[in-house]
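Contents: one structure, followed by commentary.
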Amino acid sequence: MKIFGLLILAYLMGSIPSGVWIGKIFFHVDIRQSGSGNIGTTNTFRVLGPVAGSIVMILDISKGTLATLLPTFFHVTTVSPLIFGLAAILGHTFSIFDGFKGGKAVATSAGMLLAYSPTLFLFAAGCWVLLILITSIVSVASMIAFTLTTIATLFYHDWLLTALALVLTVFIFYKHRSNIVRLKDGTENQVHFGLGWALHERREKQRSK
């Protein structure tokens, strides 16, 4: 019963729609009706600005971290912390507070990794930041960073970690299927910094001449 209760708690923690609540409470904006309609960090940045976006990112990461640490807090040793992190990820993606809809689980997955393996989290975060600076496209950075992190888990000889990383990578690609379509069409949104954005701006200037 204790484990079941903690799994429910982890799911409820993950279900908190940070972007929706912050948008409604502080900006009187429903981010589900603006931008891409997603409730996660990227769309919050796009719709509400960098301050709100940064807060949502921290909160979404924290959901995964705190949920993964629940068995440590409550002295549960018979179930892997990853299972509790997964419950939070499911909550974020299928939120009970958002009609069982939700975000793409990138930040919450990162939070789970932060609690379970800080070293691997730093590797994943480093890959993501570097890819953002190169491509200027969040979706590309997220999908490739997840792929590289899954490969990196092989060196940890932790079959559950690798299996979960693989499942999450496939899931992340699935959640980004509309982004993949836009990438093929050349219409995917870019952040306004990085090499990709600089090349885009150069091409636009050349066309306008």
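For region 62-100, the set of residues classified as part of a loop (DSSP other than H, G, I, E, B) and aromatic (Phe, Trp, Tyr) consists of Phe74, Phe94, Phe100, listed by residue number.
On the basis of being in the same structural domain as Ile39 (by TED's automatic domain parsing), within 15 Å of the chain's Cα centre (by Cα), touching a residue at least 12 places away in the same chain (Cβ under 8 Å) and assigned to a loop (DSSP other than H, G, I, E, B), does Gly103 make the cut? Judged against the criteria, Gly103 is a match. For region 188-209, filtered to residues that are outside any helix (DSSP H, G or I) and not polar (S, T, N, Q), the residue that is farthest from Arg46 (Cα to Cα) is Lys209. Just one of the numbered conditions (1) over 30 Å from Thr77 (Cα atoms); (2) under 19 Å from the mean Cα position of the chain (by Cα) is not true of Ile16: (1).
Taking the stated definitions as given, is Phe84 outside the structural domain of Thr153 (by TED's automatic domain parsing), farther than 19 Å from Leu161 by Cβ and over 12 Å from the mean Cα position of the chain (by Cα)? Can you show your working first?
On the way: outside the structural domain of Thr153 (by TED's automatic domain parsing): yes; farther than 19 Å from Leu161 by Cβ: no; over 12 Å from the mean Cα position of the chain (by Cα): yes.
No, not satisfied.
Taken over region 57-80, the criterion of being touching a residue at least 40 places away in the same chain (Cβ under 8 Å) and under 19 Å from the mean Cα position of the chain (by Cα) is satisfied by Met57, Leu59, Asp60, Ile61, Ser62, Lys63, Gly64, Thr65, Leu66, Ala67, Thr68, Leu69. Within the option set Gly53, Gly23, Gly5, Gly37, being without any contact (Cβ under 8 Å) to a residue 60 or more places away in the chain, over 26 Å from Phe193 (Cα atoms) and not assigned by TED's automatic domain parsing to the domain that holds His192 holds for one residue only, Gly5.
The values are calculated or read from the model by the stated rules, or taken from the named source; none is laboratory data. Worth saying up front: this structure is predicted, and the values here are computed from it rather than measured. Backbone-built Cβ (ideal geometry, glycine too); neighbour counts: all protein chains shown.
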